Amino acid sequence: MLWISGNIRFELNILHYDYPPERVECLYDDWLTVQLIAQDENGLQWEASSSCMFAKELQDLRDWFGSIRVQNVVWQTFFFMEPELSFTYIPNGTVEIGISQSFYPKALMEHGRQTVDKSLIMELPEDVLYDLIQQLDNMIVEFPQRSTKQ
């Protein structure tokens, strides 16, 4: 999922399932390894990856963006069970992406800012929202739920 807003860039990629099909375990079979590639408003660029999302949460993220599109937002903030990313919808047409833990920029950690969350404020016009939903739909096709638990 690539999202560019002015000088800010947010790219979220699913690299693979954390466990290959032959090692599927009922509690962990849907974990996804996620890659973040980002650039903030000041030009700071970084890349990180983490096994922090279930395949179901990928679908939930798509549904959350879909709720914005139909103007029926139930949850102002969306986050995963592993709280490394969060998305907060602001009714002025922006989304604040909160970044912490393993996705936090290492360059800032080196300057003693490990306890501060990083955020990106992204504009969300209708055409970008539609494109994000389409990108998420494609990711869901590639990484569907394969969980044995219901």
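Of 35, 76, 39, 45, all but one fail to be more than 19 Å from residue 2 (Cβ to Cβ) and not acidic (Asp, Glu); the exception is 76.
The residues of segment 117-134 that are out of contact with any Asp or Glu (no Cβ under 7 Å at 6 or more places or on another chain) and exposed (fewer than 15 other Cβ atoms within 10 Å of the Cβ), listed by number, are 117, 123, 125, 126, 127, 130, 131, 134. Selection of segment 39-56 for residues being under 30 Å from residue 20 (Cα atoms) and either outside any helix (DSSP H, G or I) or modelled with pLDDT of 95 or more (or both) yields 46, 47, 48, 49, 50, 51, 52, 53, 54. Here no strands (runs of 3 or more DSSP E) wholly within segment 59-123 include at least 2 residues being at pLDDT below 90.
On the basis of being at pLDDT 95 or above, surrounded by fewer than 16 Cβ atoms within 10 Å (Cβ to Cβ), out of contact with any strand residue (DSSP E or B) (no Cβ under 8 Å at 6 or more places or on another chain) and hydroxyl-bearing (Ser, Thr, Tyr), does residue 28 make the cut?
no
Scanning segment 60-78 for residues that are under 21 Å from residue 100 (Cα atoms) and small (Gly, Ala, Ser) turns up nothing. Is it true that residue 4 is buried (at least 18 other Cβ atoms within 10 Å of the Cβ) and either over 13 Å from the mean Cα position of the chain (by Cα) or modelled with pLDDT under 95 (or both)? Considered against the rule, which asks whether it is buried (at least 18 other Cβ atoms within 10 Å of the Cβ) and either over 13 Å from the mean Cα position of the chain (by Cα) or modelled with pLDDT under 95 (or both), residue 4 comes out as no. For segment 8-25, a residue qualifies if it is over 19 Å from residue 108 (Cβ atoms), of a type outside the set (A, V, I, L, M) and either at pLDDT 85 or above or buried (at least 18 other Cβ atoms within 10 Å of the Cβ) (or both), and the qualifying residues are 13, 16, 17, 18. Can you find a residue in segment 106-122 that is under 15 Å from the mean Cα position of the chain (by Cα) and more than 28 Å from residue 18 (Cβ to Cβ)? Yes, segment 106-122 contains at least one residue that is under 15 Å from the mean Cα position of the chain (by Cα) and more than 28 Å from residue 18 (Cβ to Cβ).
Any residue in segment 88-98 that is of a type in the set (Ser, Thr, Tyr) and within 23 Å of residue 16 (Cα to Cα)? So far as segment 88-98 goes, no, none of its residues is of a type in the set (Ser, Thr, Tyr) and within 23 Å of residue 16 (Cα to Cα).
The values are calculated or read from the model by the stated rules, or taken from the named source; none is laboratory data. Not measured: the values here are computed from a predicted model. Here the Cβ is made from the backbone with ideal geometry for all residues, glycine too, and neighbour counts use every protein chain on show.
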